[in-house]
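Notes to accompany the following structure.
The values are calculated or read from the model by the stated rules, or taken from the named source; none is laboratory data. Note that this is a predicted model, so its numbers are computed, not measured. For neighbour counting, all protein chains shown are included, and Cβ atoms are generated from backbone atoms with ideal geometry for every residue, glycine included. Surface areas here come from the heavy atoms of the whole protein model, side chains and all, with no ligands, DNA or RNA. Shrake-Rupley method; radii C 1.70, N 1.55, O 1.52, S 1.80 Å.
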Amino acid sequence: MEMQLPPHEGGELSVVDMHTGGEPLRIILGGYPEVKGDGLLAKRRYVRERLDHLRRLLMFEPRGHYDMYGALIVDSELPEADLAVLFMHNEGYSTMCGHAVIALGRFAVDYKLVKEPRSPETQVNIHCPCGLVKAFVQYSEGKTGAVRFLSVPAFAFATDVTVAVEGFGEVTVDISYGGAFYAFVDAQRFGLDVTKSRTRDLVDAATAVTKAVKAQVKLHHPTSDDLAFLYGTILTDGKDDYSPEPTANVCVFAEAQVDRSPTGSGVTARVALQHHKGLIGLNQTRTFQSGATGSQFTGKAVEETKCGDFKAVVVEVAGRAFYTGVSRFVQEPEDELTHGFLLK
């Protein structure tokens, strides 16, 4: 039987679904009106203020779920960009997402957003709200494979910061930037193990840290106030010294959303933090494992640079993304739940 859309009123939204290390990515192909704004950060403000009902429609149930993640492709003001993207999740709009960049790199080649793919790698310049990210997609005989990307300058913002965390007392955290700001803390501080403890317990601890840091630490970014917010907390296994063995972490971001992957921008920030502390050198590749799914990314600092007054590094992160399907979503006017809802 040929699949057809059911009778409906109004428009439709078309998407391609992928996952990177288990973390979903819903790439929006059609159905959005024009996104206005002189630059990408202005476009991010525009969708937040004018089109947020569409984020809820696609991210929330019944079409999505509490931990859904999305990417809206928009026009870029940068001539060197192959595409620009706005990231969305259960709370709003991020400034960087590494798992999405890995998926979008492959998507851009497969959907011919890059005119002339080249073997063994095709470069895809992806304009993210945090800046231009260069992805390199394995390409051979018309097929795409693994993806690596070079981050925007990443840096340690502050180390050994003590915050009062409700339910846990004083907790020492590090704060680092990898396109978005994260707080880092060893899960053992809460008596937890990132690979064995209940997800609910990890979420509760990480969420408490996020709330404390947001209330007690003022963040700033050298280039834009739009980037100066804490995206989430990453609980680690404490294995920060360089080792050929994998190190595991769990990222809890946005509104207590759990990343199924090792978190690409989180790996970027964690490598920058380890380099800042002298625990990892340039071009020393580490494997980062998701405590949630066991999936892995690799990360390494490849170049020292500056971001304002901060000593920074460019980090290379690599992983794989896979397609899971395509969908066309509609709305029926009598559906009282059509605009979306969330269950925690």
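Brief remarks follow.
- Highlighted here are the strands (runs of 3 or more DSSP E) found entirely within region 278-344 that include at least 1 residues which are more than 23 Å from Asp259 (Cβ to Cβ) and open to solvent by 30 Å² or more (accessible area, probe 1.4 Å): 296-307, 310-319, 321-329.
- Qualifying residue in region 100-107 (condition: part of a helix (DSSP H, G or I), open to solvent by 10 Å² or more (accessible area, probe 1.4 Å), closer than 16 Å to Ala71 by Cβ and modelled with pLDDT of 95 or more): yes
- Condition met for Leu192 (open to solvent by less than 50 Å² (accessible area, probe 1.4 Å), over 18 Å from Arg286 (Cβ atoms) and assigned to a loop (DSSP other than H, G, I, E, B)): yes
- The residues of region 243-263 that are within 21 Å of Val173 (Cβ to Cβ), of a type outside the set (A, V, I, L, M, F, W, C) and not in a strand (DSSP E or B), listed by number, are Glu255, Asp259, Pro262, Thr263.
- Near pairs, Cβ below 6 angstrom, 6+ apart or cross-chain, from region 306-321 (farther than 18 Å from Glu121 by Cβ and free of Cβ contacts under 8 Å to residues at least 24 places away in the same chain) to any residue that is assigned to a strand (DSSP E or B) and open to solvent by less than 30 Å² (accessible area, probe 1.4 Å): none
- Any hit, region 258-265, residues being farther than 27 Å from Asp193 by Cβ and open to solvent by 10 Å² or more (accessible area, probe 1.4 Å): no
- Scanning region 209-226 for residues that are in contact with an Asp or Glu (Cβ under 9 Å, 6 or more places away or on another chain), assigned to a helix (DSSP H, G or I) and open to solvent by 20 Å² or more (accessible area, probe 1.4 Å) yields a single hit, Lys211.
- Of the residues making up region 74-88, those that are of a type in the set (A, V, I, L, M), crowded, with 17+ Cβ neighbours inside 10 Å and more than 15 Å from the chain's Cα centre (by Cα) are Val74, Ala81, Leu83.
- Selection within region 287-344 - among the polar types (S, T, N, Q) and either at pLDDT 95 or above or under 20 Å from the mean Cα position of the chain (by Cα) (or both): Thr287, Gln289, Ser290, Thr293, Ser295, Gln296, Thr298, Thr305, Thr324, Ser327
- Hey, Leu86 among the aliphatic types (A, V, I, L, M) and over 21 Å from Ser151 (Cα atoms) or not: no
- Filter result (of a type in the set (A, V, I, L, M) and either crowded, with 18+ Cβ neighbours inside 10 Å or outside any strand (DSSP E or B) (or both)) within region 151-171: Val152, Ala154, Ala156, Val163, Val165, Val171
- Verdict on Ala164 being within 16 Å of Ala318 (Cβ to Cβ), more than 14 Å from the chain's Cα centre (by Cα) and touching a residue at least 24 places away in the same chain (Cβ under 8 Å): no
- Enumeration of residues in region 33-55 that are assigned to a loop (DSSP other than H, G, I, E, B), of a type outside the set (Lys, Arg) and open to solvent by 40 Å² or more (accessible area, probe 1.4 Å): Pro33, Glu34, Asp38
- Candidates Gln257, Gln284 - the one that is of a type in the set (S, T, N, Q), at pLDDT 95 or above and closer than 27 Å to Leu13 by Cα: Gln257
- Among the residues listed as Leu29, Leu58, the single one being within 25 Å of Gly264 (Cβ to Cβ), open to solvent by less than 30 Å² (accessible area, probe 1.4 Å) and in contact (Cβ under 8 Å) with a residue 12 or more places away in the chain: Leu58
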